[in-house]
Each structure stands twice: as C-alpha cells, then as structure tokens.
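Heads up: the structure comes next, in structure tokens.
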Amino acid sequence: MSRIAYVNGRYLPYAEAGVHIDDRGYQFGDGVYEVCEIRDGALIDETRHLARLERSLAALEIKAPRSLTALRFIMREVAARNRVRDGMVYIQATRGVARRDHGFPDPGTTPGLVVTAKAIDRRIGDARAAMGVRVIVTKDLRWARPDIKSLQLLPNVLAKQAARERGAYEAWLLDANGDITEGASTNAWILTAAGVLVTRQADQAILRGVTRTTLLALLAGEGLRFEERAFSLDEAYGAREAFLTSAVNIVMPVVAIDDKLIGDGRPGPLALSLRGKFHGFAEVSSA
Ligand code: PDD
C-alpha cells in the first residue's frame, strides 16, 4: 500500500509530498514536532502531546498551523489512510515559507504543517525490551533550550549515530557537571544501588517527555522511592537498573551503559513491570 502524507492542507502520495525549499523548517530548523504512539488503532496520550506541541509553538512564537480539533482530525485521518494500527503519527509545524532571512518573516506568513504516520511492528519493541538495550554516553552538545521540541536536532543526530557506530541503541548525554541529562531521543532513568528511582528534573536541560509524565502518574500509586534530580555518570554506572522512555519505546530496559553492565546485565524487574503497566495509565483515544 502506498503511503499518504498530509502536507499543508492536502493528503498526498509520498512521491508528491514535499515542502517548498524556502520553508523555514528546511532553511533554519525553524519549527517544532511531536511523535505520538498509535496502538491498536488508538492514539496514546494525544492530549499531552498536543499540549506540548502548543507549548513548543508558543515558546518559539510560531502561530498554531491549525486548531487542536483540526489537528486531532488530521492525525486520525493520516493514521487511517495509511492503515496504521500500531506505530506512530508524526506532526511537524514550521514558521512557513518565506524568502531566506534569519529574522521572523511577515506575521501574515502561513505556518507549515506536515503529518505522517508509520506502522511499527510491536513485536520488535517487545523483543528488544526482553533483551534490553545498550547505551553509550556522549557529551550533550545541544543548545540551552532542549525543553522545546524543536527541529534543531543535529547534536541528537550525531549522538545517535555515535551510538549506532558502537553497536548501541541510544546515547545518553552528559552535561558539563558530569550528570546525565537525557538520551538523544528518550528520557533517562536509573534505579540506584540504594533502590531509589531517579530521573532528571524537567527543567530547561531536558525535554519533558510525555511518557515520562505519564510514568510519574503511574509511579505515584506504586509506593516506590522516587526522586526527580540530576544523576551522575558514576551513579548510573553503579545503578541496579536503568531504562529509557519515549513514545513507542514506552519503557525500554537498559542493560549496559558504555562497557558497564547494569545489574546482572539483564532487563530489570522494575523496568519490565512499568512497561507492562504503562498503557493502563496512559490516555487511549480511539480514532
Ligand atoms: N523523541 N527526550 C528527547 C530529546 C526526545 O526527543 C524525546 C522524544 C523524549 C521522550 O519524549 P516522549 O516521551 O514524549 O516521546 C525525550 C521522539 C520520540 C523523537 O524524536 O522521535
């Protein structure tokens, strides 16, 4: 089946789905995006993803390309037209097309909007989780506002590529204090040797993951010792368990950080249990 993309008001076959070369997303990375999981034909945590999209747009003073109601419709339409039951929907909004000039274009410029959907076999993620993944650690080279989900992903791209070249699934990013901020496209968590679950506080140094937020709500009922704070690389190396979170990855156990095995080198029971419970806590909005 050929894929269909929504591009600036039209549903187009992939071969015809393009944006103008003067789109500011292409020229400057001047735009934002969201990735929302589709599971059994339903959108997972759609409300939180759309709220974050609005926040990212507002932070960069980009006009909302469509109303939330229209966006909700388009997301479903793209998922349906591509017959995606399990996978993801991707939304990208940019400041629109204008003659290249760094400053903002005329306020009347129409923002750009692209929505795509992709099927992902759930068994792949489940098999990966059963084995656990390895992460490497690399310097966090991003700008000072990674809390905005912008298209400026070059440091993330380089970090992910470094991970691939070392046979790892993800790169965890190290700040100037020797603390882990988050992954190239995921949030980072550890269960410390003392049994405290830790993830970095959601300040301007990380993206406030939607999966992270939903997991925090889940944790509130678990009676676990939990802290939102920075954790060091050494603390991570010595952790009892580690895992990463993001849409589609859900909760993914980490079994090695660089060449250090975490725990006994197998997925931790807490990570697997949280993975199993996650969708019972997430918002599930049917099409
Ligand atoms: N990445 N941190 C970063 C830097 C991210 O890019 C992402 C999401 C997350 C997790 O956020 P969420 O739980 O809302 O998916 C954390 C998406 C999936 C991506 O770039 O493809």
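All of the numbers you see were taken from the coordinates with simple rules; none came from a lab. Quick caveat, the model's predicted, so the values are computed rather than measured. A quick note on method: Cβ atoms are made from the backbone with ideal geometry, for glycine too, and the neighbour counts reach across all protein chains shown.
Worth pointing out:
- Going from the residue with the fewest nearby Cβ atoms within 10 Å to the one with the most, Met131, Met252 rank Met131, Met252.
- Gained length - Lys260 relative to Asp126, 0.36 nm times residue gap less alpha-carbon distance: 45.9 nm
- Net lengthening on full extension, Arg81/Ala15 (0.36 nm per residue, minus Cα-Cα): 22.2 nm
- Percent of Cα-Cα distances greater than 23 Å, calculated over region 4-120: 28
- For Glu165, Glu227, the sequence from fewest to most other C-beta atoms within 10 Å is Glu165, Glu227.
- The charge dipole of the chain, taken about its Cα centre with unit charges on the Cβ atoms of Lys, Arg (+1), Asp and Glu (-1) only, comes to about 720 debye.
- Its residue count N fixes a reference of 2.2 N^0.38 Å for region 188-237, and the Cα radius of gyration divided by that reference is 1.12.
- Equivalent ellipsoid, region 165-259 (semi-axes from 5 times Cα gyration tensor eigenvalues, Å): 19, 15, 14
- Global geometry of region 125-285, whether rounded, prolate or oblate, following the gyration tensor of its Cα atoms and the 1.5 cut on a/c: rounded
- Model label zone, His102; criterion: amide N under 20 Å from point 7 Å along Cα-to-beta-carbon; scope region 122-149: 142-146
- Taken as entire DSSP H runs, the helices of the chain that both span 15 Å or more between Cα atoms along their own long axis and average -1.0 or more on the Kyte-Doolittle scale are 46-59, 68-81, 154-165, 210-220, 269-281.
- The orientation-averaged projected area of the convex hull spanned by the Cα atoms of region 117-203 comes to 7.4 nm².
- Note on Lys149: lysines with a C-alpha under 21 Å away, same-chain residues under 8 apart excluded, are Lys63, Lys118, Lys139, Lys160.
- Normalising the average separation of contacting C-alpha pairs (under 8 angstrom, six or more residues apart) by the number of residues puts the relative contact order of the chain at 19 percent.
- As computed over the chain, the Cα convex hull volume per residue (Å³): 131
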